[in-house]
Amino acid sequence: MLLTLDLNDPRPLHEQVSAAIKRAITTGDVTPGDRLPPARDLAAALGVNANTVLRSLRELRDEGLLEFRRGRGVSVLRRPDGRAALRTRVRDLLDEAAQYGVGPEDVLAIVKELMEESP
Amino acid sequence: MTHPHRTISDRGVRARFLLAAAVWTVLVAAVLVAVPLAFAGRLPDPLAGHWGPSGRPDRSMPSSALALAALVWVVVVGVCLVGMARVRGEIRRAARTWYAAGLGWLGGFLIGTQAVTVAANLDRDDWTRAASLNWQFAAVVAGAFALGALGWLAGRLGPDDAPREEGPPGPLIDLDPRKRPVWVSTATAPWAVALGVVAFAVALSFAVAALWGLVPAGWATALPLALAGVIGLAVSSVSVRIASEGLTMAFGPLRWPSRTVGLDRIERAWMERRSPLQVGGWGIRGLPGMATIMIRGGECLVVRYTSGGQLAISVDDAETGAALLNALAARKAA
């Protein structure tokens, strides 16, 4: 399972971990039915505490993306719906825009420009 | 995946190996059946089938039990041969040597045991008068090992493992300098966990019994069993991680021992499907520089070192891991 952590992400760690796992599900790197690696392996890989990973996994379970099964670990239940998936990607987009010194307002302006171009 | 270097002769080795194994199988089975038949009239029934430490016969068996050896042989070897024939592509040299050594040893042991039994019972009217045996068993064991060694040498004939090829260059992953990518994957063999736990439980029982003085030599049983349990658990699962510091492998349920290979030591990585039959079994197979860590058959992450050595680890989603490892190694080298 390929995970990416943003080095400059100011959000709390557990949210970053959730976002990384969600991104892997959204991009199809793991698909429904796939089992995730054990939490302690994820924690070791991401360099965070195992409890942080468990907290993220529980959050994603509560969102209905993951399923916990006794003895079989954690597996992907479904992909996030369109809106949630877009939220993740728009967040990435805003992060990227910030790297170019482009603020959220300007991104919104670009989106409006595109809307006017394609009626 | 193509093997451009693979020549017709590689296929010839496979065919010759299977043919030789089949001929040996039939030959041994024929001897195991023919000898009791040839001497049937000159053997007592029941005949002596077990000799005590003094060398005197102390247990009998019906003469039909001699045929059992042929049955054991045909079943065990048949399963192995069918297994090998089902492996597609080349049969690795490591697998060939182990099979040939096993076939030689088992064939020699069965024929030797049968010959000694028949010779001791020949022309006796009752099993209790069978000849005493002592050094003969040592000779049988030595002979079996000699045949095993011959089999080992015969198995080494022919070219070494064919897939010494460059693996296909997997897709690279775009690396974003602002992000830290990490790939993590695991493979588990539940049966190895179960075996290890059972071995530990039995070892513990023996140790407790030895402490209480219930079993005279409890420690002698407990220690090897505990060792077997440790080894079984260590190869029952593996966790592999690829990140900017390199490739990290951690073994067993405790994720210990673990080992990290730095990116600068890695030349390239790719995915390959391997089965335990190809590499000669489960666990850590092969020699350093050409080893496979076989937890379960299927996808393996294969890594070639800059030193020329190669390591394969059976792990899920190996293609993604190989892609990330190649990308990280390329960035490090740049």
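The values are calculated or read from the model by the stated rules, or taken from the named source; none is laboratory data. A quick note: this is a predicted structure, and the numbers were derived from the prediction, not measured. Counting neighbours? That spans all protein chains shown, and the Cβs are built from the backbone with ideal geometry, glycine included. Surface areas here come from the heavy atoms of the whole protein model, side chains and all, with no ligands, DNA or RNA. Shrake-Rupley method; radii C 1.70, N 1.55, O 1.52, S 1.80 Å.
Descriptive notes on the structure:
- Heavy-atom accessible area ranking, 1.4 Å probe, most first, across B:Lys179, B:Lys332: B:Lys332, B:Lys179
- Helix-only [θ]222 nm of chain B, DSSP H runs n ≥ 4, -39500 (n - 2.57) each, per residue, nearest 500: -16500 deg cm²/dmol
- DSSP H segments from chain A that extend 15 Å or more along their own axis, Cα-based, with Kyte-Doolittle mean of 0.0 or above: A:13-26, A:104-117
- Electrostatic dipole magnitude of the protein assembly as shown [Cβ: Lys, Arg +1; Asp, Glu -1; Cα centre; debye, to 20]: 1060
- Within straight-line cross-link reach of B:Lys332, aspartates and glutamates at Cα separation under 15 Å, skipping those fewer than 8 residues along the same chain: B:Asp174, B:Asp176, B:Glu245, B:Asp264, B:Glu267
- Accessible area per residue (1.4 Å probe, heavy atoms of protein chains only) ranks B:Tyr99, A:Tyr100, B:Tyr305 as A:Tyr100, B:Tyr99, B:Tyr305, with the largest value leading.
- Average Cα contact separation per residue, chain B, under 8 Å, 6 or more apart, as relative contact order %: 15
- Sequentially through region B:118-125, phi angles give Karplus couplings (6.51, -1.76, 1.60; θ = phi - 60°) of 5, 4, 6, 8, 4, 6, 9, 8 Hz, Gly and Pro residues having no value and appearing as x.
- Helix axis angle, B:66-86 relative to chain B longest principal axis, alpha carbon, degrees: 20
- Accessible surface of B:Trp219 - all protein chains present, 1.4 Å probe, nearest 10 Å²: 130
- Gain on full extension, evaluated as 0.36 nm per residue between B:Ala149 and B:Val76 minus their Cα-Cα distance, stands at 24.3 nm.
- By a 1.4 Å probe calculation restricted to protein chains, A:Glu113 has an accessible surface near 110 Å², given to the nearest 10.
- Formal net charge of residues neighbouring A:Asp81 (Cβ-Cβ distance under 11 Å; K, R +1; D, E -1): +3
- Net charge, A:Asn49 excluded, C-beta distance under 13 Å - Lys, Arg +1, Asp, Glu -1: +2
- Rounded accessible area per residue of region B:159-310, 1.4 Å, Å²: 49
- Euclidean distance between Cα centres, region B:241-272 to region B:111-158, Å: 48
- When the charge dipole of the protein assembly as shown is built from unit charges on Cβ atoms (+1 for Lys and Arg, -1 for Asp and Glu) and taken about the Cα centre, the candidate among A:Ser18, B:Leu81, B:Val215 whose Cα reaches farthest toward its positive end is B:Val215.
- Rounded to the nearest 100, the interface formed by chains B and A buries 1700 square angstrom of accessible surface, both chains summed, with a 1.4 Å probe.
- Occluded residues from region A:1-15, i.e. those whose accessible area drops by 20 Å² or more once the chain is not alone (1.4 Å probe): A:Met1, A:Leu2, A:Leu3, A:Thr4, A:Leu5, A:Asp6, A:Leu7
- Stokes-Einstein D in µm²/s, Kirkwood radius over Cα pairs - chain B at 4 °C with 1.567 mPa s viscosity: 55
- Using a probe of 1.4 Å, the accessible surface attributed to B:Met290 totals some 50 Å² when neighbouring protein chains are kept in position.
- The H on the amide N of B:Asp58, modeled in the peptide plane, is under 5 Å from the matching H of B:His50, B:Trp51, B:Gly52, each at least 5 residues off or on a different chain.
- Under 22 Å from A:Lys22, Cα to Cα: lysines that are on another chain or at least 8 residues apart: B:Lys179
- Helix B:190-211 and the longest principal axis of the C-alpha atoms of chain B enclose an angle of approximately 60°.
- Sites A:Thr31 and B:Leu227, calculated FRET efficiency, Cβ-Cβ separation with R0 35 Å, nearest 0.05: 0.30
- Nearest-ten-degree value, helix B:218-234 long axis tilted from longest Cα axis of chain B: 30
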